[in-house]
1. 5 Å is the cut-off here: which amide hydrogens, built 1.01 Å from N in the peptide plane, fall below it relative to Cys249, excluding neighbours closer than 5 in sequence?
2. With r defined as the distance between the Cβ atoms of Val53 and Glu205 and R0 fixed at 25 Å, what FRET efficiency is calculated, to the nearest 0.05?
3. From the backbone phi of region 244-260, what are the Karplus-calculated ³J(HN,Hα) couplings (6.51 cos²θ - 1.76 cosθ + 1.60, θ = phi - 60°) in whole Hz, Gly and Pro given as x?
4. Explain nothing, just compute: Karplus ³J(HN,Hα) = 6.51 cos²θ - 1.76 cosθ + 1.60, θ = phi - 60°, for every residue of region 200-206 in order, whole Hz, x for Gly and Pro.
5. Fewest to most neighbouring Cβ within 10 Å: what's the order for Leu136, Leu30?
6. With a Cα-only, solvent-free Debye model of the chain, what are the log10 I(q)/I(0) values at q = 0.08, 0.09, 0.10, 0.16 Å⁻¹?
7. Using only C-alpha atoms and all pairs of different ones, pull out the Kirkwood radius for region 123-166 in Å with one decimal.
8. Against the longest alpha carbon principal axis of the chain, how many degrees, from 0 to 90 and to the nearest 10, is the axis of helix 4-18 turned?
Amino acid sequence: MPELPEVETVRRTLSQLIVGKTIRAVKVSLPRIIQRPDDIKRFEMELAGHRIVEIGRRGKFLRIVMDGLVLVSHLRMEGRYGLYAKDEPVEKHTHVIFEFTDGTELRYKDVRQFGTMHLFYPGEEFKEKPLVKLGLEPLDNSFTKEAFRQVMSGRKTKIKPALLNQEYVVGLGNIYVDEALFRAGIHPEYPADKLTDHELDRLHEAIVATLNEAVNAGGSSIKSYVNGQGEMGMFQHSLKIYGRKGEACVVCGHPVEKTVVGGRGTHFCPECQMPYGTSQKNEAHKQSNAKSRSKKNSEVLKG
């Protein structure tokens, strides 16, 4: 946390708040957040005088694009940005302050101190860590069903860990993987290489739909997430499976169960998401169930 929808919401908010502003000075009070360059004074000096022209995103990373530099920022668990007037009191756990020439400040606050920042010249950021090995972007036009099938082909791992692997598909975390798998009617422990093209296409559609709905709702505020204006996300009120252990499944009424898959707490419905090795071995039976469930799912998930 935050995952793609939350980072995209922060991107959109910062685009409204800071694009066009010029950095006068930068103050860093927690050096370990700055991963590149390793000289904090150099980081502070290089940013001074640059104007912000665009806020981009790659997976869970923000790209603050300037006239001649790109700052790649990962919020990790609890990092957040906020725009303040220069004379407003600085809150505890504020570790980086970008002073603008108009008297405002972009402040980076991180209670857990896990966030990172990397500074590059334009274009370099895609050739170096942390962006160089990232996979398909699920809200991009390049994320086609064919591309998704290809990246999942031959993955001899359970489908949930495969979806969490940022080298395959970026931006998906625990919440949205659980939601997408439930929407697609696929058990989180199902072997990725055993999924049919039909099932992968269904999962592709579920990923795109889930993420778009979450972005439109401003993300999910499960713990401490807020956007750049201090506003909470609202998608947590629309979650169908995540965090609902013991509650009735919204589709079939069976109690939602929770297990651990790939070291992550995982929510699923044992009736709607049958495990590999059961009656799902019968493809005709699978597709018949899927059509019935899909119709009911679409009614519930849109309701």
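Please treat every number below as a calculation from the coordinates, not as lab data. What you see is a predicted model, and the numbers here were worked out from it, not measured in a lab. Please note: Cβ atoms are built from the backbone with ideal geometry, for glycine as well, and neighbour counts cover all protein chains shown.
1. Those lying under 5 Å, H to H, from Cys249 are His254, Val256.
2. Numbers: r = 35 Å, r/R0 = 1.39.
Computed FRET efficiency for Val53 and Glu205: 0.10.
3. Karplus-based 3J(HN,Hα) across region 244-260 equals 10, 3, x, 7, 6, 4, 5, 9, 10, x, 5, x, 5, 10, 10, 9, 10 Hz.
4. 5, 5, 5, 5, 4, 4, 5
5. Working: Leu136 20, Leu30 15.
With the sparsest Cβ surroundings first, the list reads Leu30, Leu136.
6. So the normalised log intensities are -0.39, -0.49, -0.59, -1.22.
7. On the way: mean 1/r = 0.0842 Å⁻¹.
Hydrodynamic radius (Kirkwood, Cα only) of region 123-166 equals 11.9 Å.
8. With both axes taken from Cα atoms, the answer is about 30 degrees.
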